[in-house]
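Working notes for the structure below.
Please treat every number below as a calculation from the coordinates, not as lab data. Remember, predicted model here, so these are calculated numbers, not experimental data. Here Cβ is always computed from backbone atoms with ideal geometry, including for glycine, and neighbour counts include all displayed protein chains.
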Amino acid sequence: MSQTWDANLYEKSHSFVWAYGRDLVGMLHPDAGDRILDVGCGTGNLTAEIGAQCGAIVGADSSEAMIAQARLNFPNLRFEVRDARRLGFDAEFDAVFSNAALHWVKDAQMAADSMSRALKPGGRLIVEFGGKGNVAAIVEAVNRALTSVGIADPERLNPWYFPSVDEYTAVLEQAGLRVSYAALFDRWTPLEGGLVDWIRQFCGMFLAPLGEEQAPEFWAKVTEYAAPTLQRGGAWNADYRRLRVAATKH
Ligand code: BEZ
């Protein structure tokens, strides 16, 4: 099973994803002549911002719903349904960019190999995604609430890859990339749509075994367990922790 995406809910409640990503575009320094690949482009908002600063841009995402919405949003740009593990590009890009997507790809080595293959020699990789400890308080509350309604070993349902700096540096070097910058940092993030909305949007794989009769108790428990850490002044926050990396293809 894989995560399914509601592109409308994503656009309505999660615009902070590309708002924070703007800072990462600053690290990319797009050049007027660059050909750039945006991996995990979602509904295309950052793709369009990068595209306005470079020669050519391609947005790739494994979700057909996201790519359909991206094409509607930006009909003049090129968007393709492609899996990060099998991008299928060969030495075509001056830079590969990815914001808030690679934590969905558990086979990180395949994704790194595929992104490296897409780069020209000397091309740069600029990525940011959830790092070690990301959303730990949310995961703990979800696991506890699932266990309390009778779902055994919920951690087996966890779909995410949140590596440390050392772990991900080794993955990129194995893929033929030289890491020039890597940082893991906290980003406490206000959730405009609230915690329940965030869990509905992103925790589909955790929630798959939840029966209708268990749901009311699950939602009551998850908010009760998460509140002491994640609720401030009545507003919900996510305990994001980002891993940001810059690397160059040998
Ligand atoms: C993140 O951006 O860190 C993230 C988003 C959704 C699910 C898990 C992590």
Inset, instruction - Quick one: count up the residues across the stretch 170-228 that are within 16 Å of the ligand (Cβ to nearest atom) and not acidic (D, E). - result: 25
Inset, instruction - Tell me, please, whether a residue that is under 22 Å from the mean Cα position of the chain (by Cα), surrounded by 12 or more Cβ atoms within 10 Å (Cβ to Cβ) and farther than 30 Å from S114 by Cβ can be found in the stretch 227-236. - result: yes
Inset, instruction - Name every residue in the stretch 95-110 that is out of contact with any strand residue (DSSP E or B) (no Cβ under 8 Å at 6 or more places or on another chain) and in contact (Cβ under 8 Å) with a residue 24 or more places away in the chain, in order of residue number. - result: W104, V105, K106, A108, Q109, M110
Legend entry - the stretch 68-79, residues that are crowded, with 16+ Cβ neighbours inside 10 Å and not aromatic (F, W, Y): Q69, A70, R71, N73, L77
Legend entry - Any chance A182 is part of a helix (DSSP H, G or I) and within 25 Å of R22 (Cβ to Cβ): no
Inset, instruction - Examine the stretch 150-167 for a residue that is surrounded by fewer than 18 Cβ atoms within 10 Å (Cβ to Cβ) and β-branched (V, I, T), and state whether such a residue exists. - result: yes
Inset, instruction - Select, from L177, L207, the only residue that is free of Cβ contacts under 8 Å to residues at least 24 places away in the same chain and not charged (D, E, K, R). - result: L207
Inset, instruction - For the stretch 137-174, enumerate the residues that are touching a residue at least 40 places away in the same chain (Cβ under 8 Å), touching a strand residue (DSSP E or B) at 6+ places or on another chain (Cβ under 8 Å) and either among the aliphatic types (A, V, I, L, M) or not in a loop (DSSP other than H, G, I, E, B) (or both). - result: A137, I138, V165, Y168, T169, L172
Inset, instruction - Kindly indicate which of G33, G42, G26, G51 is of a type outside the set (F, W, Y) and within 16 Å of the ligand (Cβ to nearest atom). - result: G42
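Conditions tested, residue by residue: (1) assigned to a helix (DSSP H, G or I); (2) within 16 Å of the ligand (Cβ to nearest atom); (3) free of Cβ contacts under 8 Å to residues at least 40 places away in the same chain; (4) among the charged types (D, E, K, R).
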| position | (1), (2), (3), (4) |
| --- | --- |
| I67 | yes, no, yes, no |
| D90 | no, no, yes, yes |
| A112 | yes, no, no, no |
| K120 | no, no, no, yes |
| E128 | no, yes, no, yes |
